[in-house]
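Engineer: My questions all concern the structure below.
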Amino acid sequence: MDIRFLEGLISGVVLVGSAALLNHWLTVRRDRARREHDEQRERKRLRREFIEDARAFHEESSGLTRPPPPSTLLLRRDITPKAYLVHTSGTRRGSTHQLGRVTLLGRRAADNDVVVDDPCVSLVHARIRLEEEEFVLYDLASRNGTLVNGEPVVRQVLVDGDIIQVGDTTLSFAGVEDRPPA
């Protein structure tokens, strides 16, 4: 046999073997990558299932089940009932203040919405808060207390015409109206 023929035969076997080996190596890598991808997807699915089961268990065990959503969802109410405080005595007699959702009464202007110039009034004396369409007065542990219609109160639902006394100053509550009293 010719030596060149043998060299060609050997190099051909080596090339074919190398190609087969490379092909086998690529197949193994591709299969491993597919397996890892499938395992990762399975882990994510199991994690989602676990979280859903934990939420359902928590809702069942705590009795917190979500009610079905209403057909119309009211996101914000733009109509705020209007009420006013009118100083009926003191240095600010006759001044009128429209109440907001939360209104603070006291002596210090920086901290309060309604300022009462009276040394018997605490720095932050009382709060009036809108709760379910009603204005509620809270005494904030003031030194001299808060009176409504002559009675000491800690919490009081206000009605039209109530007289609020803080220190030596009186204010009149003008109930829910469209405009301030004259």
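The values are calculated or read from the model by the stated rules, or taken from the named source; none is laboratory data. Predicted model only: the values in this text are computed from it and were never measured. With ideal geometry, Cβ positions are generated from the backbone for all residues, glycine too; neighbour counts draw on all protein chains shown. Surface accessibility is based on the protein's heavy atoms, side chains included, excluding ligands, DNA and RNA. Shrake-Rupley method; radii C 1.70, N 1.55, O 1.52, S 1.80 Å.
Engineer: Against the conditions (1) farther than 15 Å from residue 169 by Cα; (2) in contact with a Gly (Cβ under 8 Å, 6 or more places away or on another chain); (3) open to solvent by less than 10 Å² (accessible area, probe 1.4 Å), where does residue 121 fall short? Just the number, please.
Structural biologist: For residue 121, the failing item is (1).
Engineer: Another question, then. So which residues in the range 146-169 are in contact (Cβ under 8 Å) with a residue 24 or more places away in the chain, surrounded by fewer than 17 Cβ atoms within 10 Å (Cβ to Cβ) and under 26 Å from residue 110 (Cβ atoms), if there are any at all?
Structural biologist: Answer for the range 146-169, where residues must be in contact (Cβ under 8 Å) with a residue 24 or more places away in the chain, surrounded by fewer than 17 Cβ atoms within 10 Å (Cβ to Cβ) and under 26 Å from residue 110 (Cβ atoms): just 168.
Engineer: Does residue 124 satisfy being touching a Phe, Trp or Tyr at 6+ places or on another chain (Cβ under 8 Å), among the hydrophobic types (A, V, I, L, M, F, W, C) and assigned to a loop (DSSP other than H, G, I, E, B)?
Structural biologist: Here the answer is no, as residue 124 does not meet what is asked.
Engineer: For the range 127-145, enumerate the residues that are open to solvent by 40 Å² or more (accessible area, probe 1.4 Å) and either in contact with a Phe, Trp or Tyr (Cβ under 8 Å, 6 or more places away or on another chain) or closer than 14 Å to residue 171 by Cα (or both).
Structural biologist: 127, 129
Engineer: For the structure I just gave you, tell me whether residue 6 is modelled with pLDDT under 70 and open to solvent by 90 Å² or more (accessible area, probe 1.4 Å).
Structural biologist: no
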